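Below you'll find the structure, written out as structure tokens, and then a few comments.
Read-outs: derived from the displayed coordinates by stated rules, not from any lab. Since the model is a prediction, treat every value here as computed from it, not as a measurement. All Cβ positions, even for glycine, are placed from backbone atoms using ideal geometry, and neighbour counts span all protein chains on display.
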Amino acid sequence: MAPIISIKGLEKTYDNGFQALKSVDLDIEEGEVLALLGPNGAGKTTLISIVTGMANKTAGSVTVGGYDSVRDFRQARELIGLVPQEMNIEVFEKVIATVRFSRGLFGKPRDDAKIEEVLKSLTLWDKRDNKLRELSGGMKRRVMIAKALSHEPRILFLDEPTAGVDVELRKEMWEVMKALKAAGVTIILTTHYIEEAEMMADRVAVISKGEILLVKEKDELMKSLGKKVLTIELDQTLTEVPPDLAGQGVELGEDGKSLIYSYDTAAPQTGITDILAGVRASGLKLSDISTHQSSLEDIFVGLVHDQKEDAA
């Protein structure tokens, strides 16, 4: 099956010479949740803006549902719903009128049942006659999503959807995203909350300095790049790693009262047995042992850090 969005050799260079995107290739499958991660200025918003027709490309191609994003702009754009970072809403308008108007912008006939369905799915039906200025920040963000869904798109771009939302509302928004995915909507999510990507995404794309560093299944990424860290807490303070552990990749904790060992869980031998034997041979007394699995945030930070070092 052809991807619902196909991006080939996409480039964007601004008039001042800054190259925001550098030959980006990315295919997005229908029905998946793709988390697009990257530091500020990485090119995330530029990429979304080009795909959704908000900005012009310098080179390359974008197809949406088989339609060229430039030649077949109208057909491509009808397939897309966009929730931008900015709150572009009329605060003195009522919720239901705002959502109806967004549907009309795409030439869709009035459908009160569909608008009711969208508002109820976002827990906004009881607020339908409220003016937007009367809503909390979290509710306004839901209205933004309702506007994006009003014309029944197959694809939804969420650019920092939970920015400025408290923890409780963020979790509610995750439930909304799960429901949208269950309904078959393809979601492209940019976020600074790594736990959001870790919970919601099927695949992860990491972009930095206008380049895609990798695109992988989330679980595969965490399995292939994620590591576990063994931390051995000691009863005494050390100034250096004991000789019996030197050369085995063991590091001394900052406080001098712990030994830290990173290992690959997929490797044939983890080396933990040798590490513990070295601890015993050194005559050290243990107070505790714990392990920590790398998170998606650890992996992301490591990838971006490696790119910076390579560029230095």
Exercise for the section: Using the Karplus curve 6.51 cos²θ - 1.76 cosθ + 1.60 with θ = phi - 60°, work out ³J(HN,Hα) for each residue of the range 69-86 in order, rounded to whole Hz, and write x for Gly and Pro. Expected result: 5, 9, 5, 10, 3, 4, 5, 5, 5, 5, 7, 10, x, 10, 10, x, 5, 6
Fill in the blank from the handout: Once both label points are put 7 Å beyond Cα along the C-beta direction, the residue 129-residue 270 separation in nm becomes 6.2
Fill in the blank from the handout: Going residue by residue through the range 189-202, the Karplus relation 6.51 cos²θ - 1.76 cosθ + 1.60 with θ = phi - 60° gives ³J(HN,Hα) values, rounded to whole Hz and with x marking Gly or Pro, of 10, 10, 7, 9, 8, 4, 5, 5, 5, 5, 7, 9, 6, 8
Practice task
For an R0 of 41 angstrom, estimate the FRET efficiency from the Cβ-Cβ distance between residue 152 and residue 292 and round to the nearest 0.05.
Solution key: 0.40
Completion exercise
Non-local residues with an amide H under 5 Å from the amide H of residue 21, with H modelled 1.01 Å from N and Pro and chain starts lacking one, are 12
Fill in the blank from the handout: The simple spin-label model distance between residue 105 and residue 40, using points 7 Å out along Cα→Cβ, in nm, is 2.7
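How would you order 105-116, 40-51 from highest to lowest mean count of nearby Cβ atoms within 10 Å? It would help to have the intermediate numbers written out before the result.
Numbers: 105-116: 12.4, 40-51: 20.8.
Final packing ranking: 40-51, 105-116.
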Completion exercise
Spelling it out for residue 156: with amide H atoms placed in the peptide plane at 1.01 Å from N, the residues 5 or more places away or on another chain with amide H under 5 Å from its amide H are 81, 186, 187, 188
Fill in the blank from the handout: Along the range 36-43, Karplus-curve 3J(HN,Hα) (6.51, -1.76, 1.60; θ = phi - 60°) to the nearest Hz, with x for Gly and Pro, reads 9, 10, x, x, 4, x, 6, x
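Residues with beta-carbon under 13 Å from that of residue 12, excluding residue 12: net charge, scoring Lys, Arg +1 and Asp, Glu -1?
Details: positive: 22, 44, 57, 209; negative: 11, 15, 211.
Counting the neighbours of residue 12, the net charge comes to +1.
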Handout entry: Order of 261, 14 - criterion: other Cβ atoms within 10 Å of each residue's Cβ, fewest first
Key = 14, 261
Handout entry: Student exercise, the chain dipole from Lys, Arg, Asp, Glu Cβ charges, in Debye to nearest 20
Key = 1460
Completion exercise
Quick calc, residue 116 & residue 29: beta-carbon distance into FRET formula, R0 30 Å, rounding 0.05, result 0.45
Completion exercise
Projecting the Cα atoms of 284, 250, 263 onto the charge dipole of the range 227-293, where Lys and Arg contribute +1 and Asp and Glu -1 at Cβ, the residue farthest towards the positive end is 263
Exercise for the section: May I ask which residue of 123, 73, 62 lies farthest towards the positive end of the charge dipole of the range 5-223, with charges of +1 (Lys, Arg) and -1 (Asp, Glu) on Cβ and the Cα centre as origin? Expected result: 73
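Name the shape class, rounded, prolate or oblate, that the alpha-carbon gyration tensor gives for the range 227-293, where a ≥ b ≥ c are the square roots of its eigenvalues, rounded holds for a/c under 1.5, and otherwise prolate holds if a/b is larger than b/c and oblate otherwise.
Prolate shape, in that a/c is at least 1.5 and a/b is the bigger ratio.
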